[in-house]
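Undergrad: Please read through the structure below; I'll follow up with questions.
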Amino acid sequence: MELLVNALPANFLPERRIRFNLRTALAEALSNAICYGNRHDVRKVVQVRAEVRSDALHVHVVDEGEGFKPDAVPDPTLPENREREDGRGLFVLRHIVDRVSFNEKGNAVCLTLLAG
C-alpha cells in the first residue's frame, strides 16, 4: 500500500481519500480475493496492479478463483437482506470509490478513484 501511495503525484487525491477510501477499498478487495476467490488456498496468488493516469487511479485485484456474478450479490440495504452477511463488502466498495468494475469471469475487480 505504501508503494502505491508514495507513487501518486502530489495532490493527486485528497489526503482523506488516500487514508480512508483507497486503503479501505484495497483491503476489502484483497480480503475478498483471498477469502472468497482463492478460498484461503496458500498455493493460489492474488495479483495487484495499479495504474496512475492523469485523470484517475485504477487498482486491479485478480485472484485465481472461479469468479462470481457481481449482479447476483444481494443488496444489503433491503429489509429482507439486513441479517445476511454477504454483499456488505461490495456495497461498501461501490460507495467509497468512484467506479467498481469486474471482468466477465468475476475473478478480477478494478477500483477507480478519480483525480482531484
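Undergrad: Whole-Hz ³J(HN,Hα) for each residue in the range 64-74, computed from phi via Karplus 6.51 cos²θ - 1.76 cosθ + 1.60 with θ = phi - 60°, x for glycine and proline: what do you get?
TA: 9, x, 7, x, 7, 9, x, 5, 8, 6, x
Undergrad: While we're here: Kindly state, to the nearest 0.05, the FRET efficiency for Asp75 paired with Val45, given R0 = 25 Å and r defined as their beta-carbon distance.
TA: E between Asp75 and Val45, to the nearest 0.05, is 0.20.
Undergrad: Still on this structure, I have one more. Report, in degrees rounded to the nearest 10, the 0 to 90 angle that the Cα long axis of helix 23-32 makes with the longest principal axis of the chain.
TA: So the helix axis and the longest Cα principal axis differ by about 30 degrees.
Undergrad: What is the Rg over Rh value, at two decimals, for the chain, using alpha-carbon atoms and the Kirkwood definition of Rh?
TA: Here Rg/Rh amounts to 0.98.
Undergrad: If you take every residue apart from Pro74 with its C-beta less than 9 Å away from the C-beta of Pro74, what net charge results, scoring Lys and Arg +1 and Asp and Glu -1?
TA: After counting each charged neighbour, the total is -2.
Undergrad: Would you mind calculating the gained length between Leu114 and Phe68 on full extension (0.36 nm times residue separation, minus the Cα-Cα distance), in nm to one decimal?
TA: 14.0 nm
Undergrad: Right, something else. Along Cα→Cβ, 7 Å out, is where each label goes; now give me the distance between the ones at Leu3 and Arg53 in nm to one decimal.
TA: The two pseudo-label positions are separated by 2.2 nm.
Undergrad: Shifting gears a bit: Compute the distance in nm between two label points, each set 7 Å from the Cα along the Cα-to-Cβ direction, one at Phe91 and one at Glu104.
TA: The modelled label-to-label distance comes out at 3.1 nm.
Taken together, the values in this text are just the output of simple stated rules run on the coordinates, not laboratory data. Owing to the predicted nature of the structure, the values given are computational and were not obtained by experimental measurement. For neighbour counting, all protein chains shown are included, and Cβ atoms are generated from backbone atoms with ideal geometry for every residue, glycine included.
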